[in-house]
1. Check off (1) part of a helix (DSSP H, G or I); (2) open to solvent by 20 Å² or more (accessible area, probe 1.4 Å); (3) not aromatic (Phe, Trp, Tyr) for Arg164 and give me the number that stays unchecked.
2. Counting only residues that are open to solvent by less than 60 Å² (accessible area, probe 1.4 Å) and in a helix (DSSP H, G or I), how many does the stretch 26-47 have?
3. Scanning for something open to solvent by 60 Å² or more (accessible area, probe 1.4 Å), over 30 Å from the mean Cα position of the chain (by Cα) and without any contact (Cβ under 8 Å) to a residue 40 or more places away in the chain, does the stretch 62-70 turn up at least one residue?
4. Of the conditions (1) of a type outside the set (Asp, Glu); (2) surrounded by 13 or more Cβ atoms within 10 Å (Cβ to Cβ); (3) in a loop (DSSP other than H, G, I, E, B), Gly23 clears all except one; give me its number.
5. Just checking, how many residues over the stretch 219-256 are closer than 23 Å to Ser190 by Cα and under 18 Å from the mean Cα position of the chain (by Cα)?
6. Output the residues belonging to the stretch 286-323 that are open to solvent by less than 40 Å² (accessible area, probe 1.4 Å), hydrophobic (A, V, I, L, M, F, W, C) and farther than 16 Å from Glu154 by Cα.
7. State which residue is farthest from the chain's Cα centre (by Cα) when the search covers only the stretch 175-189 and only residues that are of a type in the set (D, E, K, R) and closer than 13 Å to Ala160 by Cα.
8. Pull out all pairs, ordered by first then second residue, where Cβ-Cβ is under 7 Å, the residues are six or more apart or on different chains, the first lies in the stretch 437-454 and is open to solvent by 60 Å² or more (accessible area, probe 1.4 Å), and the second is hydroxyl-bearing (Ser, Thr, Tyr).
Amino acid sequence: MILIIDDDIAVCASLNLLLKQEGFKSIKAHGPEEALKHLKEKPIAAVLLDMNFSMETTGDDGLAMLQQIKKSYPMLPVILMTGWGSIKLAVEGMKLGATDFINKPWDNEHLMRSLRTALDLSDEQDRPGAMTRKKLNEKYGFENIVGEDPQLLEVLQTIARVSRTDASVLIIGESGTGKELIAEAIHENSRRKLKAFVKVNLGGISSSLFESEMFGHKRGAFTDARSDRVGRFELADKGTIFLDEIGDLDLNSQVKLLRVLQDRKYEVLGDSRTRAVDLRVVCATNRDLREMIASNKFREDLFYRINLIIIRLPPLRERSEDIPILANYFLKNLKEIYSRPKLQIDKKTYNWLKSLPLPGNIRELKNLIERAVLLSESDNLEIKDFEQHLEEQRLANTALNLPAVGALSIDEMELSMIKNAMSFHQNNISRVAKALGLSRGTLYRKLEKYNIPYETQN
């Protein structure tokens, strides 16, 4: 049963009719006292809560009611509704535990999707129990997510609980921890698995191209628009859109993205017709979004729109016991790819691999093993087969860890790379020059240009 808390008789009647058409029973309350009475006496599954019960339009009435509900019924889903919506009000409501925030007049489809998502999540939270790794693999197909670490198993349990809902998911973790793999697993276990899974690297889309890439454009919408373009949201309709590196999105584009995620509507460039989209949103980032919010680099309202469920992927250094398991998994694939069935890793080498910091995480481990396989003549891989290649790979990873576009000038980027290389190779000029693809003479000139000391070179 759905509890409608609103002092407007017409609103209550409209919501009651909508819910009845969608197969839900509902009961209405015109104020806090009546609402609390129903909550005590009825089996309420979710609440649709108006934000104002007086002449005031601040939303304080609704926030106070929300706090009362959450104090007595912390797991009960509450969806806030208001005709006087504001960013501040929405954020405050989400902080206090609201599942969603919907403006009046509402879109029926959007409201029902939000309600069903809230109910689905509530139902999943009530289900018993952790499953073993074997059962998770059998039921959800997690074979490609390798490891036995308790933190990883907790991630898989979360995927198992929430994948069949439409809840927005935010995956956080360092580069190389497998965020895209987790996003794919969520989609493959969702009700949308037969529809498109559209990946978007937001870090690779400039602000000027954001609308064209995400929403599409009509021919002639701007100078270079020589033909119609289908946007990523349209491609993902009825499916899942994976917004990777969302922390790299500029503030102007964040506003445009928020509007679509909030209303599930957008406009194609050059076409005034508003289009609706029905999709699941999964986001990922290796940045600290809360820190970015504090420094005004990420919108707080967007953060609360995308983080209904947060999944944190642990770095490999926190699950070092999984390194041998991952190494064997990669080696098994490489045996088939390179037709070398006798490949194996020496037992002492496993402990050595476990001791490595591996800042590039799973991606770095995979590259390290493949490089050793490619360059070693022996089928028995030992520490020396990895050591000789680890140094070059580390420098490559450092070079690829570039700042956001526009954050540094070319000279500043070059200076940073030379300093990193000099530090990594302990001022060995020959090695630094080779690693950077420069002649010794060119490197000396650049060291002088940037006033980098090199007296201690070998």
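1. So Arg164 meets the others, but not (1).
2. Result for the stretch 26-47: 5.
3. Within the stretch 62-70 (the criterion being open to solvent by 60 Å² or more (accessible area, probe 1.4 Å), over 30 Å from the mean Cα position of the chain (by Cα) and without any contact (Cβ under 8 Å) to a residue 40 or more places away in the chain), the answer is yes, since at least one residue qualifies.
4. Unmet for Gly23, out of (1) of a type outside the set (Asp, Glu); (2) surrounded by 13 or more Cβ atoms within 10 Å (Cβ to Cβ); (3) in a loop (DSSP other than H, G, I, E, B): (2).
5. Result for the stretch 219-256: 11.
6. Leu289, Met292, Ile293, Phe298, Leu302, Phe303, Ile306, Ile323, listed by residue number.
7. Within the stretch 175-189, the subset of a type in the set (D, E, K, R) is 179-180, 184, 188.
From what is left, the residues that are closer than 13 Å to Ala160 by Cα are 184, 188.
Values: Glu184: 11, Glu188: 16 Å.
The selected residue is Glu188.
8. From the stretch 437-454, the pairs are Arg440/Ser430.
The values are calculated or read from the model by the stated rules, or taken from the named source; none is laboratory data. This one's a predicted model, so the numbers in the text were calculated from it and none came from an experiment. Please note: Cβ atoms are built from the backbone with ideal geometry, for glycine as well, and neighbour counts cover all protein chains shown. The accessibility values were calculated without ligands, DNA or RNA, using every heavy atom of the protein model including side chains. Shrake-Rupley method; radii C 1.70, N 1.55, O 1.52, S 1.80 Å.
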